[in-house]
1. Tell me, which residue of region 294-329 that is part of a loop (DSSP other than H, G, I, E, B) and touching a strand residue (DSSP E or B) at 6+ places or on another chain (Cβ under 7 Å) is surrounded by the most Cβ atoms within 10 Å (Cβ to Cβ)?
2. Among the residues that make up region 150-158, is at least one of them at pLDDT below 95, of a type in the set (Phe, Trp, Tyr), assigned to a strand (DSSP E or B) and in contact with a strand residue (DSSP E or B) (Cβ under 9 Å, 6 or more places away or on another chain)?
3. Given the residues Ala162, Ala118, which is the only one that is outside any strand (DSSP E or B), more than 28 Å from Phe57 (Cβ to Cβ) and modelled with pLDDT under 95?
4. Provide a single number: the residues in region 84-101 that are under 24 Å from Ile151 (Cα atoms), over 16 Å from the mean Cα position of the chain (by Cα) and part of a strand (DSSP E or B).
5. When you scan region 26-33, do you find a residue that is of a type outside the set (S, T, N, Q) and touching a residue at least 40 places away in the same chain (Cβ under 8 Å), even just one?
6. I need a count of the residues in region 236-249 that are surrounded by fewer than 22 Cβ atoms within 10 Å (Cβ to Cβ) and among the small types (Gly, Ala, Ser).
7. Checking Ala81 against (1) assigned to a strand (DSSP E or B); (2) of a type in the set (A, V, I, L, M); (3) farther than 22 Å from Leu47 by Cβ, which single condition isn't satisfied?
8. Checking Pro246 against (1) under 25 Å from Pro208 (Cβ atoms); (2) without any contact (Cβ under 8 Å) to a residue 12 or more places away in the chain, only one condition comes out false. Which one?
Amino acid sequence: MRILVGSEDGTCLVRWLEGEKSGTVESRGFDGTRVAALVRAGDDGELLAAVPELGIFRSRDGGTWEPLVDRLGGGRVTALAAAPSGSIVAGTEPAGLHISRDGGVTWAEFEAFRALEAREDFSDYGGRAAHVETIALDPHDTRRLYAGVEIGGAYRSDDAGASWVAINEGLFDDIHDIMVDPREGSRVFAATGGGLYVSQDRGADWRPAPGGAGDRYCLHFFALASTPVTAPAESLFLLGTAEGPPSTWGKRAARSGAQLWASLDSGRTWGPMEEHGTRDTSPVTALAANPRNASAVLAGTAQGHLLHGHLADDHWHQILYGLGPVRSLLVL
């Protein structure tokens, strides 16, 4: 398989066959430049990359890239989400939201998001402005979407972006990831700097997730509908956590207190994946499904490692290292 990795040091196109000891690098892009997000857009297989310092780029092979737009509304692009219809939603720093319905050629701003009164409570930090860190499209309703602001809370639109409401009751406001349960549209998860939260009513009310995962510093959340390791009616969730924010890790992500958590019952219970903790002590910052093995996933870490994990027996294999802190993964 071919795996496209987006990291703090650019993109890396990796070729790896399951069973091989390690992968090989086919090409690299945006050398030394942060790539915040990667998505596959539309039915023609086009790939999009959000490069905050440069803009949005398009590729057909993951190796050669052409620019689409530099800045949106004057902001740096920090998040991307692609809908099955072909529409693309982009988030920016300072916090803004834009949509393209023609593959990224032209863009329109969600003006209602810009007009939110809650923006007065957004917080800048560490030399960065509050920004859209994550965008989630509801797979059960094409008109519903969510946006998470770091630092500024979570927001929902029920009318394809025409209007927005704040959904922050009981929620920590440092949002890193939002995910809608692929089997139940009313159940939404938010991975935050203050723990993992779950809402059973599309964000109207939030509660900390049960167990040890609920109070950790959360980095990335991942969901799959039923797999061979879950009951037929359950979703699989994975969550990458640390003991604190990156500023507390020192020079080595291995000192972060990283843990990968799993829930096989749609988030009702959580447990740590012990094998990952012993094989790689760096926080998991990106996850992707293995399309050839429904019981396996790919993981990227803050230390620049690319891993492959078999969920049934919690066995993990390092495919590659030295990639730069990983932000996003796509299997091509």
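The values are calculated or read from the model by the stated rules, or taken from the named source; none is laboratory data. Everything numeric here is computed off the predicted structure, so don't read it as measured data. Counting neighbours? That spans all protein chains shown, and the Cβs are built from the backbone with ideal geometry, glycine included.
1. Our first condition is that a residue be part of a loop (DSSP other than H, G, I, E, B); within region 294-329, this holds for 294-295, 302-305, 311-314, 321-325.
Next, from what is left, pick out any that are touching a strand residue (DSSP E or B) at 6+ places or on another chain (Cβ under 7 Å): 295, 302, 304-305, 311, 323-325.
On the way: Ser295: 15, Ala302: 27, Gly304: 21, His305: 21, Leu311: 23, Leu323: 24, Gly324: 23, Pro325: 20.
Once the filter is applied, the top-ranked residue is Ala302.
2. Taking every residue of region 150-158 in turn, none turns out to be at pLDDT below 95, of a type in the set (Phe, Trp, Tyr), assigned to a strand (DSSP E or B) and in contact with a strand residue (DSSP E or B) (Cβ under 9 Å, 6 or more places away or on another chain).
3. Being outside any strand (DSSP E or B), more than 28 Å from Phe57 (Cβ to Cβ) and modelled with pLDDT under 95 holds for just one of Ala162, Ala118, which is Ala118.
4. 5
5. No, region 26-33 has no match at all.
6. Of the residues in that region, 2 qualify.
7. The single condition Ala81 does not satisfy is (3).
8. (2)
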